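Engineer: The structure is given below, and queries will be raised subsequently.
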Amino acid sequence: MTIKKFAGADRDQDFCQWLEENPDGFYLNERAKHSVMLHRVGCWHLGDGSEVNTTKNFKVASQEVEPLQQWANLHDFQLENCCTCNPS
């Protein structure tokens, strides 16, 4: 399964488009240095998408959870599941 990383000011629109095209997908949101949170697409933590900021907090997205878990492990990120949307 393919994963996509969205980082930088010019990637906000790309991430929002990915969300629209993958309503059943998942994404990691950078929280702090070496810490990410796993969310389902549609989680209210992202809001309506108007405040997406891939410069401040990168996003890594996939249609499945396992590739994101593997990505976090490979890059030494602590992974937490969102308690609101229960992604796994």
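The values are calculated or read from the model by the stated rules, or taken from the named source; none is laboratory data. As the structure is a computational prediction, the values presented were derived from the model and not from experiment. Positions of Cβ are backbone-derived with ideal geometry, glycine not excepted, and every protein chain shown enters the neighbour counts.
Engineer: Only residues that are in contact with a Pro (Cβ under 7 Å, 6 or more places away or on another chain) and over 23 Å from THR84 (Cβ atoms): list them for region 1-37, please. Reasoning before the result, please.
Structural biologist: Let us first name the residues in region 1-37 that are in contact with a Pro (Cβ under 7 Å, 6 or more places away or on another chain), namely 1, 3, 26.
Hit for region 1-37 is MET1, nothing else.
Engineer: Those residues that are in contact (Cβ under 8 Å) with a residue 40 or more places away in the chain and of a type in the set (Gly, Ala, Ser), I need them from region 5-38; list them, please.
Structural biologist: ALA7, GLY8, ALA9, SER35, listed by residue number.
Engineer: Go through region 1-17 and give me each residue that's of a type in the set (Lys, Arg) and assigned to a strand (DSSP E or B). Spell out how you get there, then give the answer.
Structural biologist: Start the filter on region 1-17 by keeping residues that are of a type in the set (Lys, Arg), which leaves 4-5, 11.
LYS4, LYS5, listed by residue number.
Engineer: Anything in region 69-88 that is acidic (Asp, Glu) and in a loop (DSSP other than H, G, I, E, B)? List them, or say none. Working first, answer last.
Structural biologist: Here is the first cut: in region 69-88, the ones acidic (Asp, Glu) are 76, 80.
Selection gives ASP76 alone.
Engineer: Go through region 54-63 and give me each residue that's at pLDDT below 95 and farther than 10 Å from GLU30 by Cα.
Structural biologist: Once the filter is applied, which keeps residues that are at pLDDT below 95 and farther than 10 Å from GLU30 by Cα, region 54-63 yields only THR55.
Engineer: Name the one entry in GLU51, GLU66, GLU20 that is of a type in the set (Asp, Glu), part of a helix (DSSP H, G or I) and at pLDDT below 95.
Structural biologist: Criteria check complete, one pass: GLU20.
Engineer: Also, quick follow-up: Among the residues of region 29-40, is there at least one that is at pLDDT 85 or above, within 13 Å of the chain's Cα centre (by Cα), of a type in the set (Asp, Glu) and part of a loop (DSSP other than H, G, I, E, B)?
Structural biologist: No - not one qualifying residue is present in region 29-40.
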